[in-house]
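Engineer: Quick one: this structure, given as structure tokens, is what I'll be asking you about.
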Amino acid sequence: MRAVAVSAFGAQPQLMDLPQPEPGPGEVLVRLAAAGVNPIDWKVADGMYGDPSTTSFPLVLGTDGAGEVLAVGTGVRRFTAGDAVFGQFQWPERGGGSYAELAVTGERSLAPAARSVTYATSAAVPTAGMTAYNLVEETRISEGRRVLIVGATGGVGTFVTQLAHGRGADVIATARPAMSDLMRTLGANETVDHTAGPVADQVLAAHPDGVDVLIDLTSGPEEFVAMMGTVRDGGTAVSTVGSADADVLTEHNLRGFNFANRPSPQLLDILAGQVDAGRLTVLVGREVPLEEAPEVLEASRSGRAHGKTVLEI
Ligand SMILES: NC(=O)c1ccc[n+]([C@@H]2O[C@H](COP(=O)([O-])OP(=O)(O)OC[C@H]3O[C@@H](n4cnc5c(N)ncnc54)[C@H](OP(=O)(O)O)[C@@H]3O)[C@@H](O)[C@H]2O)c1
């Protein structure tokens, strides 16, 4: 089968011809139609999270995917051949990922795909959608809260904007001017141009009393401290890139943490339901062929994303 993989951590991703994986007990073999691209994919390729001694190479890249069940292993109850599914496939010990024609994953990493959208759209949802859902839950976003989202125009941010708006929050989203109208369509009350000057200064000029919640998807540790200055006393500040320091948060009298995602099949079900109900818009910025994955990963590494990129398989 065709797959985009690395032969070692840090090696250049390449299109390869690899053996077809077989589903073991509790596992599902999926013929993928599309794979969603996430920043975690190049981080996995670089070995930022992996242990070379337990990773099987060539390691197929990619976490998110959607397609049709081809076969199921013993004990699988929720799926049968022919089902349309979406979910997560990255499995370093098995050398598996979603940038491939075929992939196996555990039954609990999948859910029935939304019926109203294409596989490409479904493939854009799992990691970013579950992250966004957990973020609004864990920061207790509710009616009337003022929320600043930094990095709002990417995969996670476009979902967080919609989910926070859906809970009645006042959303301030960072966006380049070209993305401002789109972010308002998704539910942002205001946008702040992060290319026009320090975001924290702009937010405080408009809201001297600060925001209740900061969800920061991009800032390094120093920038995150500056962003924390926008949060009112006793408010909440969260980083998805490990920039929150517990001691600094305490000094500023803020609640906060470094976010770690907790995927589940229930969350996938909720997201598919929201897509089918028309309550969640999935912004697929680009659809490109599988073999362009190496270039797409370089673009993701540069941090520029307008919605999701999806690989067609
Ligand atoms: N901890 C976890 O469990 C977890 C889970 C999911 C994601 N993450 C991480 O969260 C980050 C965001 O993920 P994603 O999928 O949303 O990424 P993405 O789709 O690549 O989006 C990144 C967005 O950030 C914007 N951006 C870049 N620099 C910025 C700046 N200085 N100020 C404001 N906006 C800026 C970009 O817009 P412009 O191009 O217009 O600048 C882009 O829209 C990634 O690093 C990812 O690995 C962590």
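The values are calculated or read from the model by the stated rules, or taken from the named source; none is laboratory data. Predicted, not measured: the structure shown is a model, and the values here were computed from it. Cβ coordinates were reconstructed from backbone atoms using ideal geometry, including for glycine residues, and neighbour counts include every protein chain displayed.
Engineer: Kindly check whether there is at least one residue in region 232-245 that is outside any strand (DSSP E or B), without any contact (Cβ under 8 Å) to a residue 40 or more places away in the chain and over 22 Å from the mean Cα position of the chain (by Cα). Don't jump to the end; show me each part of the working.
Structural biologist: Step one: filter region 232-245 for residues outside any strand (DSSP E or B), giving 240-245.
Going one step further and asking which of them are without any contact (Cβ under 8 Å) to a residue 40 or more places away in the chain, we end up with 241-245.
Next, from what is left, pick out any that are over 22 Å from the mean Cα position of the chain (by Cα): 245.
Yes.
Engineer: Any residue in region 140-147 that is aliphatic (A, V, I, L, M), over 18 Å from Gly129 (Cα atoms) and not in a strand (DSSP E or B)?
Structural biologist: no
Engineer: Can you pull out every residue in region 94-123 that is at pLDDT 95 or above and assigned to a helix (DSSP H, G or I)?
Structural biologist: The first filter runs over region 94-123 and keeps only residues at pLDDT 95 or above, leaving 97-123.
Selection gives Glu107, Arg108, Ser109, Tyr119, Ala120, Thr121, Ser122, Ala123.
Engineer: Which ones in region 275-308 are part of a helix (DSSP H, G or I) and more than 10 Å from the ligand (Cβ to nearest atom)?
Structural biologist: Val275, Asp276, Leu290, Glu291, Glu292, Ala293, Pro294, Glu295, Val296, Leu297, Glu298
Engineer: Then there's this: Can you confirm whether Val117 is of a type outside the set (D, E, K, R), in contact with a helix residue (DSSP H, G or I) (Cβ under 9 Å, 6 or more places away or on another chain) and away from the ligand (no atom under 13 Å from the Cβ)? Quick ask: steps written out before the conclusion?
Structural biologist: On the way: of a type outside the set (D, E, K, R): yes; in contact with a helix residue (DSSP H, G or I) (Cβ under 9 Å, 6 or more places away or on another chain): yes; away from the ligand (no atom under 13 Å from the Cβ): yes.
Judged against the criteria, Val117 is a match.
Engineer: Here's a follow-up. Only one of these is in the same structural domain as Ile40 (by TED's automatic domain parsing), free of Cβ contacts under 8 Å to residues at least 40 places away in the same chain and out of contact with any Ser or Thr (no Cβ under 7 Å at 6 or more places or on another chain): Asp181, Asp83. Name it. Before you say what the answer is, go through the steps one by one.
Structural biologist: On the way: Asp181 fails: in the same structural domain as Ile40 (by TED's automatic domain parsing).
It is Asp83.
Engineer: Just one of (1) touching a strand residue (DSSP E or B) at 6+ places or on another chain (Cβ under 6 Å); (2) outside the structural domain of Gly303 (by TED's automatic domain parsing); (3) away from the ligand (no atom under 16 Å from the Cβ); (4) of a type outside the set (S, T, N, Q) trips up Gly95, so point out which.
Structural biologist: The one condition Gly95 does not meet is (2).
Engineer: Condition test on Ala45, is it part of a helix (DSSP H, G or I) and within 15 Å of the ligand (Cβ to nearest atom)? Step through it out loud before you land on a result.
Structural biologist: Working: part of a helix (DSSP H, G or I): yes; within 15 Å of the ligand (Cβ to nearest atom): yes.
So Ala45 passes the test.
Engineer: Please go through region 200-223 and give me each residue that is in a helix (DSSP H, G or I), among the small types (Gly, Ala, Ser) and either surrounded by fewer than 21 Cβ atoms within 10 Å (Cβ to Cβ) or in contact (Cβ under 8 Å) with a residue 40 or more places away in the chain (or both), ordered by number.
Structural biologist: Keep residues of region 200-223 that are in a helix (DSSP H, G or I), which gives 200-206, 221-223.
Narrowing further to those that are among the small types (Gly, Ala, Ser): 200, 205-206.
Scanning region 200-223 gives Ala205, Ala206.
Engineer: Do you know which residues across region 240-251 are within 20 Å of Ile141 (Cβ to Cβ) and away from the ligand (no atom under 16 Å from the Cβ)?
Structural biologist: Residue satisfying the conditions is Leu249 alone.
Engineer: Being within 24 Å of the chain's Cα centre (by Cα) and closer than 24 Å to Ser300 by Cα is the filter here, so list the residues in region 9-33 that pass it. Reasoning before the result, please.
Structural biologist: Initial filter on region 9-33 (within 24 Å of the chain's Cα centre (by Cα)): 9-15, 27-33.
Residues satisfying the conditions are Phe9, Gly10, Ala11, Gln12, Pro13, Gln14, Leu15, Leu32, Ala33.
Engineer: Out of (1) in contact with a Pro (Cβ under 8 Å, 6 or more places away or on another chain); (2) modelled with pLDDT under 95; (3) not β-branched (Val, Ile, Thr), what's the single condition that is false for Arg286?
Structural biologist: Only one criterion in (1) in contact with a Pro (Cβ under 8 Å, 6 or more places away or on another chain); (2) modelled with pLDDT under 95; (3) not β-branched (Val, Ile, Thr) is unmet by Arg286, namely (1).
Engineer: Restricting the search to region 258-274, which residues are within 12 Å of the ligand (Cβ to nearest atom), without any contact (Cβ under 8 Å) to a residue 40 or more places away in the chain and out of contact with any Ser or Thr (no Cβ under 6 Å at 6 or more places or on another chain)?
Structural biologist: Correct list: Ala260 only.
Engineer: Kindly indicate whether any position in region 154-166 is surrounded by 23 or more Cβ atoms within 10 Å (Cβ to Cβ) and in a loop (DSSP other than H, G, I, E, B).
Structural biologist: Within region 154-166, one or more residues are surrounded by 23 or more Cβ atoms within 10 Å (Cβ to Cβ) and in a loop (DSSP other than H, G, I, E, B).
Engineer: Quick one: which of Ser122, Ser180, Ser142 is surrounded by fewer than 24 Cβ atoms within 10 Å (Cβ to Cβ) and more than 13 Å from the ligand (Cβ to nearest atom)?
Structural biologist: Working: Ser122 fails: surrounded by fewer than 24 Cβ atoms within 10 Å (Cβ to Cβ); Ser180 fails: more than 13 Å from the ligand (Cβ to nearest atom).
When all the criteria are applied, what remains is Ser142.
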